[in-house]
Structures are given as structure tokens and as C-alpha cells.
Amino acid sequence: MSYQEKNTTVSLVIFTLILGFFIIRVAQMLLGDSFTSTNVFRLWGIVIVATIVLMILGTILMHILSAIVQAIQTGGEEEPEIDDLEDERDKSIDLRGTKVTFIISSIVVFLAMLSFVLGQPALVMFTVLIFAGLAAQIVGDVSRLYLSRRGF
């Protein structure tokens, strides 16, 4: 697995876990009649901080585990090699994944704005916007993995 694929996989796993946490918390708020601005904005803060911390820790752990696996495979005789070079193919795959992320995000942001126009509270719009960002990142990561596995 290439360096970019490992990073994309870490991102995919982390964003999927965070989206799952977000959906569960919003469902609990809706069922418990605690869907208030204070709770939603607190959840938003937790999601942002968790994303930053988990991405940093996940990336570091992925590099450490890759080095350990490589050392075990080579018998520890060679220095672990990090193949972090990015060629035109990798850049193109990343751009296509980013394009998919922006398209999905734009569509869901439009739907969030439409929900506000149709009379839903602004809190619903903000919640859908958070969901849009997380879901778009997941779809973009899946797209990147698909393109890199397909070979472009």
C-alpha cells in the first residue's frame, strides 16, 4: 500500500468513526428533546477537536506501525523506507477525490440551505452542514482509494 493510500485509509476510518459518533449524538438529542443550540454547538466543537486530534494521532500511529511491519519483513537489517513521493498520478487522484468531495458538499449544503428556506430552524441547517462536511470527506476518500486501486 502506498503512502497516499495509507493516509487516505486513516482519514476514511477516522471520518467514518466521527460521522457515526455525530449521527448517534444527534439522534440521542432528537429523542431526548435536548436538540438545543448549546448542545449542537458543543457537539460541533467536539467533532472539530476530535477530527484534528485523531487525524494527527492516526497518521503518526500509521507511520509507526508501517515502520514496524517493514522492519519485521526485512528482518530489521534495513532502515524503514517512507515512500512519500507524490507523482502526477497521485496528484491527479487527489484532485479527482477533492472534486468529488466538493460536489457532494455543495449538493448537501444546497439542501441544508433549502431546509432553512422551507421553514426549518437554523439549528437543523447547521447540523446538516456538519453532516455534509463529514459525509463529503468520506465519499472523497472512498473515491481516492478506488481511483488509486483501479490504477487511475
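For region 40-70, filtered to residues that are under 16 Å from Leu17 (Cα atoms) and among the polar types (S, T, N, Q), the residue that is modelled with the lowest pLDDT is Thr59.
Tell me, please, whether a residue that is farther than 22 Å from Val128 by Cβ and out of contact with any strand residue (DSSP E or B) (no Cβ under 9 Å at 6 or more places or on another chain) can be found in region 13-34. Talk me through it step by step, then tell me what you get.
Let us first name the residues in region 13-34 that are farther than 22 Å from Val128 by Cβ, namely 13.
The next check asks that each one be out of contact with any strand residue (DSSP E or B) (no Cβ under 9 Å at 6 or more places or on another chain); those that pass are 13.
Within region 13-34, one or more residues are farther than 22 Å from Val128 by Cβ and out of contact with any strand residue (DSSP E or B) (no Cβ under 9 Å at 6 or more places or on another chain).
Scanning region 30-49 for residues that are over 17 Å from Met125 (Cβ atoms) and surrounded by 11 or more Cβ atoms within 10 Å (Cβ to Cβ) returns Ser34, Arg42, Ile46, Ile48.
Conditions (1) among the β-branched types (Val, Ile, Thr); (2) outside any helix (DSSP H, G or I); (3) out of contact with any helix residue (DSSP H, G or I) (no Cβ under 6 Å at 6 or more places or on another chain); (4) under 22 Å from Val139 (Cα atoms), marked per residue:
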position: Leu12; (1), (2), (3), (4): no, no, no, yes
position: Phe15; (1), (2), (3), (4): no, no, no, yes
position: Ile24; (1), (2), (3), (4): yes, no, yes, yes
position: Ser34; (1), (2), (3), (4): no, yes, yes, no
position: Ser66; (1), (2), (3), (4): no, no, yes, no
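The values are calculated or read from the model by the stated rules, or taken from the named source; none is laboratory data. Note that the structure is a prediction, hence the values are computed from the model and not measured. Every residue, glycine as well, gets a Cβ built from its backbone with ideal geometry; the counts of neighbours run over all protein chains shown.
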